[in-house]
Amino acid sequence: MATFISVPLKKSSEVDLVKPLSKFVAAAYPAGEEQAEYLRAVEELNKLRKNALGRPLDKHDSSLEILLRYFDQMSAVEPKFPFSENQLCLTFTWKDAFDRGSLFGGSVKLALASLGYEKTCVLFNAAALATQIASEQNLDSDEGLKAAAKYYQLASGAFGHIKDTVLSALNREPTLDISPETVGALHHIMLAQAQEVFFLKATSDKMKDAIIAKLANQAADFYGDAFKQCQYKENLPKEVLPVLAAKHCIMQANAELYQSFLAKQKKLFGEEIARLQTVEYVNVKDLSDKINRALANAKKDNDFIYHDRVPEVKDLEHIGKAALAKATTITTPLSSKFTDLFEKMVPMAVQQSMGVYNQRKAETVGRLVATMREATNLCNGVLASLNLPAALEDLSGDSIPQSIAEKSRAVVGQGGLQSVEQLIRDLPEHMTRNREILDESLKMLNEEETTDNELRTKFNQRWNRTPSGDLYKPLRAEGDNFRSKLDVATQADHVVRERFNTHCDMIALLCKPENELSAAIPSANPAKTLQGSPWVVNVLRSLLAQLDEVKKERDCLEGEIKSATFDMGTRFLTALAQDGIINEEMMSMAQLDQQYGQFNQRTAHQEFSSLKQSNSEANNREEVLKKLASAHDSYVEISNNLSEGTKILLKFQNKCSDIVFARKTERDELLKELQQSIAREPSAPSFNVPAYQSNLAAAAGLAPGPAAPPGPTAAPRTVFVSNQGPPSTPGGMPPATLPAGTQPPMAPPGQAQTQGPPYPSYQGYPG
């Protein structure tokens, strides 16, 4: 079997996806079937990661399918969760696939709070496993050749994709194994191996010599490119360069061999000999035997029969090239069996746009409702100042007006005076608790930031994570905003208390039984009231009826405004799919204008006047009725304000707690890594003084002095091997020779390598 290069897999530390993702789902989605479905999906995602990365994988297509499914799922999840250091923080740790176990061989491992980093490493493992599966194929069978070509092209495409995206995905320097230079070299190696498999397939299918020669020549070209890419990659195993150099020469020899067959068919016997002579010294047993036999027969026939002139090598026509190997384009889904566990969850871009839209909608609704309530309150104030409608209902001068009775029942139904008093008593406690929560939240941020700064001072450049102070700026700004709102609320609560004290007696009167309320309202003699003006009563009643209709219309309008809905999520999803971005402001403003523009003008105002009485008793009664009506209105407003003032800052506290927990987890992981790195650093060597030297010193009578520092270690001798190859090899490449049946994996080369012959022989090539 021919020799092919395979790549080792990276190793990852275990990560708990369940806790942070479940916490986000619980906070972002209300309890119900949808939330339960997403929580189950989080559990499945965690299991999928363990299956893909938490155990050794067999060199089989089913194992590759698991890796590709996990990569597809992380690609699908990325836009649906707010993965970042200051929101949903998940730290992924991966080891360098080619690590030599030395501190000076590059980063041993890297921990990053980046989903792009996780995806890059998973795709690397998928490519590496594809190379291992390809190397296990039986190249003597047609199915084996097809499978090997497919896997090498997939690996080439994956490594190329990493080369193009790794720096933007990580936003920092990666480990050497996934650096653009290394994965770029691996991309070229796998493309060359795929082309070689197509060459083997062509020879197996006995295709035309001209086609086979072009396929081999292209493979030689690809191997030459791969050799150049790997020349200065010290992190790759040392077996790689000799293999690539040998492959280049072998593919070139095959190209010349099959082109000589074509020359013989065209009766160009001199060209046949010239091509065979250029490759007769290739030290690959089967190929060398075939070339030597063909050359001997060609020379014999030409010497005795054809006498064709043998041209110079420089005069030979260049062999064409046919590139059948193509790197697989990496587009998700890569797995044929992929099903998105979070299919129903909308992307974060849509969620964020919906959040801003809902805020705009709430502001629009609030503005419209406030405008209508202000107009209603103005009407109520005018009516109360005129003692209407009580003045029209109170013609007897003794009974409780119907409107006052209804207001009394409304106040009692909402809990009466005791309800407002309880809200006012609880207000300081609620305000204090809100401030405590805010202070505790900011204290968590301060303590974690202090620890981060201390460790950054201690480890200097080794402490290479994002400073906590930079991450916490948005949260601190949000905290300052909450503190300002609490200060404003404190001032507003003082106004509410004053208003309650002003109307407290009248609210208490509204809570009295009907007979006590009636006794508290002064009576009046209606004989003098409105005497001789019955038409005034009718006009006022007509105007009040119209005003009641206006109030009812406003109540209906308020209900319509609050209940109006529109599926903006679908519109945002459509825009994201079509344009790749969402112009939230333009779309939201257009929809809100269309949805609520009709409500802006649907209000009515009526003006009217009434007559004043000169009767003193009637005036006293009217004054009490005015105060009772105002007390009712104030009671409703105060209750609403105090209820809104009891909200606390638990959601903000949860956000602070989540990010601090994530930062502590990342800090512990980085500390562990630094401690391991420090432990691996070499210490200064110590030397024991030989006994005979001590004895000589004693014999010479020398007084013992302080111990001398250990002497320097002699530098090891370095042998430099010339890279100048024989004249027949390109670019200083060693001759095309490898051990028969050798299968060198690109395993971490920290282990001792068995020293074999400098240029062993190759077997297994067609011929």
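Identify all residues within region 21-38 that are in contact (Cβ under 8 Å) with a residue 24 or more places away in the chain and either open to solvent by 30 Å² or more (accessible area, probe 1.4 Å) or within 30 Å of Ala185 (Cβ to Cβ) (or both); write none if there are none. Don't jump to the end; show me each part of the working.
Going residue by residue through region 21-38, those that are in contact (Cβ under 8 Å) with a residue 24 or more places away in the chain are 21, 23-24, 27-28, 34, 37-38.
Lys23, Phe24, Ala27, Ala28, Glu34, Glu37, listed by residue number.
What residue, of Asn464, Asn460, is within 29 Å of the chain's Cα centre (by Cα), touching a residue at least 60 places away in the same chain (Cβ under 8 Å) and either under 21 Å from Thr665 (Cβ atoms) or loosely packed, with under 12 Cβ neighbours inside 10 Å (or both)? Talk me through it step by step, then tell me what you get.
Details: Asn460 fails: touching a residue at least 60 places away in the same chain (Cβ under 8 Å).
Answer to the selection: Asn464.
Among the residues that make up region 486-507, is at least one of them of a type in the set (Gly, Ala, Ser) and at pLDDT 75 or above? Explain how you work it out, then say what you get.
First, the residues of region 486-507 that are of a type in the set (Gly, Ala, Ser): 489, 492.
Next, only the ones that are at pLDDT 75 or above stay: none.
There is no residue in region 486-507 that is of a type in the set (Gly, Ala, Ser) and at pLDDT 75 or above.
Any residue at all in region 435-447 that is open to solvent by 70 Å² or more (accessible area, probe 1.4 Å) and not in a helix (DSSP H, G or I)?
No, region 435-447 has no match at all.
If I filter region 135-146 down to residues being in a helix (DSSP H, G or I) and free of Cβ contacts under 8 Å to residues at least 40 places away in the same chain, which single residue comes out as most open to solvent (accessible area, probe 1.4 Å)? Step through it out loud before you land on a result.
Step one: filter region 135-146 for residues in a helix (DSSP H, G or I), giving 135, 142-146.
Of the ones still in play, those that are also free of Cβ contacts under 8 Å to residues at least 40 places away in the same chain are 143-144.
Numbers: Glu143: 128, Gly144: 5 Å².
Only one residue tops the list, namely Glu143.
How many residues are of a type in the set (Lys, Arg) and without any contact (Cβ under 8 Å) to a residue 60 or more places away in the chain when one looks only at region 39-90?
We begin by selecting, within region 39-90, every residue of a type in the set (Lys, Arg); these are 40, 47, 49-50, 55, 59, 69, 80.
Subsequent filtering for residues that are without any contact (Cβ under 8 Å) to a residue 60 or more places away in the chain retains 40, 47, 49-50, 55.
Count: 5.
Which one of these does Pro685 not meet: (1) within 60 Å of the chain's Cα centre (by Cα); (2) modelled with pLDDT of 70 or more?
Against the list (1) within 60 Å of the chain's Cα centre (by Cα); (2) modelled with pLDDT of 70 or more, Pro685 comes up short only on (2).
When you scan region 220-234, how many residues do you find that are within 39 Å of the chain's Cα centre (by Cα) and open to solvent by less than 20 Å² (accessible area, probe 1.4 Å)? Give the steps one after another, and end with the answer.
Quick first cut of region 220-234, residues within 39 Å of the chain's Cα centre (by Cα) only: 222-234.
Narrowing further to those that are open to solvent by less than 20 Å² (accessible area, probe 1.4 Å): 223-224, 226-227, 230.
Summing the residues that are within 39 Å of the chain's Cα centre (by Cα) and open to solvent by less than 20 Å² (accessible area, probe 1.4 Å) in region 220-234 gives 5.
Specify which of the listed residues (Ala274, Ala323, Ala349, Ala294) is under 30 Å from Leu154 (Cα atoms), in contact (Cβ under 8 Å) with a residue 12 or more places away in the chain and among the small types (Gly, Ala, Ser).
Ala323
Name the one entry in Glu623, Glu617, Glu558 that is of a type in the set (Asp, Glu), open to solvent by 20 Å² or more (accessible area, probe 1.4 Å), part of a helix (DSSP H, G or I) and at pLDDT below 70. I'd like the intermediate steps shown before the answer.
Numbers: Glu623 fails: at pLDDT below 70; Glu558 fails: at pLDDT below 70.
Being of a type in the set (Asp, Glu), open to solvent by 20 Å² or more (accessible area, probe 1.4 Å), part of a helix (DSSP H, G or I) and at pLDDT below 70 holds for just one of Glu623, Glu617, Glu558, which is Glu617.
Spot the failing condition for His187; the list is (1) over 22 Å from Ala147 (Cα atoms); (2) open to solvent by 30 Å² or more (accessible area, probe 1.4 Å); (3) in contact with a Phe, Trp or Tyr (Cβ under 6 Å, 6 or more places away or on another chain), and only one is missed.
So His187 meets the others, but not (1).
Table: residues versus (1) open to solvent by less than 50 Å² (accessible area, probe 1.4 Å); (2) in a helix (DSSP H, G or I); (3) modelled with pLDDT of 75 or more.
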position: Thr331; (1), (2), (3): no, no, yes
position: Lys337; (1), (2), (3): no, no, yes
position: Leu341; (1), (2), (3): no, no, yes
position: Val350; (1), (2), (3): yes, yes, yes
position: Val356; (1), (2), (3): no, yes, yes
position: Ile400; (1), (2), (3): yes, no, yes
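Step by step: first the residues of region 253-278, then only those that are farther than 20 Å from Ala322 by Cβ and not in a helix (DSSP H, G or I), then the one that is least open to solvent (accessible area, probe 1.4 Å). Which residue is that?
Leu268
With the checklist (1) within 21 Å of Ala246 (Cβ to Cβ); (2) open to solvent by 80 Å² or more (accessible area, probe 1.4 Å); (3) without any contact (Cβ under 8 Å) to a residue 12 or more places away in the chain in hand, flag the one item Tyr281 doesn't pass.
(3)
Give me the residue from region 358-385 that is in contact (Cβ under 8 Å) with a residue 24 or more places away in the chain and closer than 20 Å to Met589 by Cα and, out of that set, most open to solvent (accessible area, probe 1.4 Å).
Here the answer is Thr371.
Exactly one of (1) outside any helix (DSSP H, G or I); (2) at positive phi is unmet by Asn464. Its number?
Single failed check for Asn464: (2).
Can you spot a residue in region 79-90 that is modelled with pLDDT of 95 or more and either under 18 Å from the mean Cα position of the chain (by Cα) or part of a strand (DSSP E or B) (or both)?
Of all residues in region 79-90, those modelled with pLDDT of 95 or more come to none.
Scanning region 79-90, I find no residue that is modelled with pLDDT of 95 or more and either under 18 Å from the mean Cα position of the chain (by Cα) or part of a strand (DSSP E or B) (or both), so the answer is no.
Determine, yes or no, whether Leu388 is crowded, with 19+ Cβ neighbours inside 10 Å and modelled with pLDDT of 80 or more.
Details: crowded, with 19+ Cβ neighbours inside 10 Å: yes; modelled with pLDDT of 80 or more: no.
Spelling it out, it is not the case that Leu388 is crowded, with 19+ Cβ neighbours inside 10 Å and modelled with pLDDT of 80 or more.
Going by what's in this entry, would Ala169 be described as part of a helix (DSSP H, G or I), within 18 Å of the chain's Cα centre (by Cα) and either surrounded by 24 or more Cβ atoms within 10 Å (Cβ to Cβ) or not charged (D, E, K, R) (or both)? First the steps, then the outcome.
On the way: part of a helix (DSSP H, G or I): yes; within 18 Å of the chain's Cα centre (by Cα): yes; either surrounded by 24 or more Cβ atoms within 10 Å (Cβ to Cβ) or not charged (D, E, K, R) (or both): yes.
Judged against the criteria, Ala169 is a match.
The values are calculated or read from the model by the stated rules, or taken from the named source; none is laboratory data. All values derive from a computational prediction rather than experimental measurement. Every residue, glycine among them, receives a Cβ derived from its backbone with ideal geometry; neighbour counts consider all protein chains shown. Remember, those area values only see protein heavy atoms, side chains included, never the ligands or the DNA or RNA. Shrake-Rupley method; radii C 1.70, N 1.55, O 1.52, S 1.80 Å.
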